[in-house]
Structures are given as C-alpha cells and as structure tokens.
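As structure tokens, the structure follows; a few thoughts come after it.
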Amino acid sequence: MPTTKRSTPRVNKLSFISFVSREGGEQSSPVSMGRTLNISTAGLGIEIFTEILVGEVMEMEVALGDEIIPLRGRVVHSHGLESGGFYVGIEFDHPEERLAGVTLGED
C-alpha cells in the first residue's frame, strides 16, 4: 500500500489567489494572480504564470467564499505545466486552522 508524506488531508479546491514572493525579507516579485488547485491546513498547490523557485517565501491572499485569508509559506516544489504555467507546492509556516472547514467540505 502506498504511503504519503502529507500529515493533513488535502482537497481539490479552485479559488483565486494573489501573491508576492520574498527574498531576504524584500518583495522580489510584483503582486501576481493565480488559482489554487488543492488546499489543506498545512499547505496548498497553486497554478501560476510566473516561475517561483523552490525555497522562496510567498505571501498570499486566498479568496474562500466571502472571506479573504492571508497566508505565508515556503515553496517546496515547482514545475512547469504544458499550459505554459507553473504548478507550485507551498508549505505554510504554521498550520492554518482557518482552512480546516475547507478540507472538511464546509466551504
């Protein structure tokens, strides 16, 4: 039976996201937009059209229903997509319990 490294459930969820990447505490990219593909209390996967490197810190705002949730995390993997965009996996600095309802299907 396959094992997974994830400690929290992750669900497929499409939401809009705005983000900036930070390098050494300084903003290293303009504010950009993308969409979430999956989300959990520990991290999320997003589709964006700007290359972001593994290890970069990202500050994000995710729209979930009527709420805008600010998030911060580090890029743990990134790869190009056939569409020309990029899939980026982000691990949050701290578990985001505000997202627990989303992973339980309450959004």
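Structure values in brief
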item	result
Residues of segment 35-47 satisfying the condition of being farther than 14 Å from E96 by Cα and buried (at least 20 other Cβ atoms within 10 Å of the Cβ)	T36, I46
Those residues of segment 48-68 which are under 15 Å from R98 (Cα atoms), surrounded by fewer than 16 Cβ atoms within 10 Å (Cβ to Cβ) and out of contact with any Phe, Trp or Tyr (no Cβ under 6 Å at 6 or more places or on another chain), in sequence order	E61, G65, D66, E67, I68
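Only the coordinates and a few stated rules stand behind these numbers; no lab work does. In this text, all values refer to a predicted model and were calculated from it rather than measured experimentally. All Cβ positions, even for glycine, are placed from backbone atoms using ideal geometry, and neighbour counts span all protein chains on display.
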